[in-house]
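The values are calculated or read from the model by the stated rules, or taken from the named source; none is laboratory data. Everything numeric here is computed off the predicted structure, so don't read it as measured data. We place every Cβ from the backbone using ideal geometry, glycine too, and count neighbours over all the protein chains shown.
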Amino acid sequence: MNVKILGSGCAKCNQLEKNTLTALNEMNIKADVEHVTDFAKIAAYGVMSTPALMLDDKVISMGRVLTVEDIKNIISK
């Protein structure tokens, strides 16, 4: 699984990254997690509101911090 957190590195972006790592750990899922801070790259993904979460190059969420439970529910689908 390839996971990307898109955002400038602000508190909300960092919280989304932390929640994502926690969810992956609790589900025993090994994933490559990348925090993308380059706004040109973020815009190229079609994301206009951060923080955003991408799973396997698909934008799952943007503009809000997902909880650990939200992320686990999304991954399990």
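Before moving on, here are some points about what is shown:
- Within segment 1-17, the set of residues being among the hydrophobic types (A, V, I, L, M, F, W, C) and either under 17 Å from VAL59 (Cα atoms) or at pLDDT 95 or above (or both) comprises MET1, VAL3, ILE5, LEU6, ALA11, CYS13, LEU16.
- Put simply, of THR20, THR37 the only residue that is closer than 15 Å to THR67 by Cβ and at pLDDT 95 or above is THR20.
- Any hit, segment 11-19, residues being more than 18 Å from LYS72 (Cα to Cα) and not hydroxyl-bearing (Ser, Thr, Tyr): yes
Matching residues to (1) at pLDDT below 95; (2) buried (at least 18 other Cβ atoms within 10 Å of the Cβ); (3) assigned to a loop (DSSP other than H, G, I, E, B):
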residue: LYS30; (1), (2), (3): no, no, yes
residue: ILE42; (1), (2), (3): no, yes, no
residue: LEU53; (1), (2), (3): no, yes, no
residue: LEU66; (1), (2), (3): no, yes, yes
residue: ILE71; (1), (2), (3): no, yes, no
residue: ILE75; (1), (2), (3): yes, no, no
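- Checking each residue in segment 27-52 for being small (Gly, Ala, Ser), under 13 Å from SER8 (Cβ atoms) and without any contact (Cβ under 8 Å) to a residue 24 or more places away in the chain picks out ALA40, ALA43, SER49.
- Filtered residues of segment 1-11 (kept if loosely packed, with under 15 Cβ neighbours inside 10 Å and either closer than 20 Å to ASP70 by Cβ or β-branched (Val, Ile, Thr) (or both)): MET1, ASN2, CYS10, ALA11
- Matching residues in segment 53-77 - criterion: being hydrophobic (A, V, I, L, M, F, W, C), in contact with a strand residue (DSSP E or B) (Cβ under 9 Å, 6 or more places away or on another chain) and within 16 Å of ASN14 (Cα to Cα): LEU53, MET54, MET62, LEU66, ILE71
- The lone exception for LEU55 - which of (1) closer than 15 Å to VAL3 by Cβ; (2) of a type in the set (A, V, I, L, M, F, W, C); (3) without any contact (Cβ under 8 Å) to a residue 40 or more places away in the chain it fails: (3)
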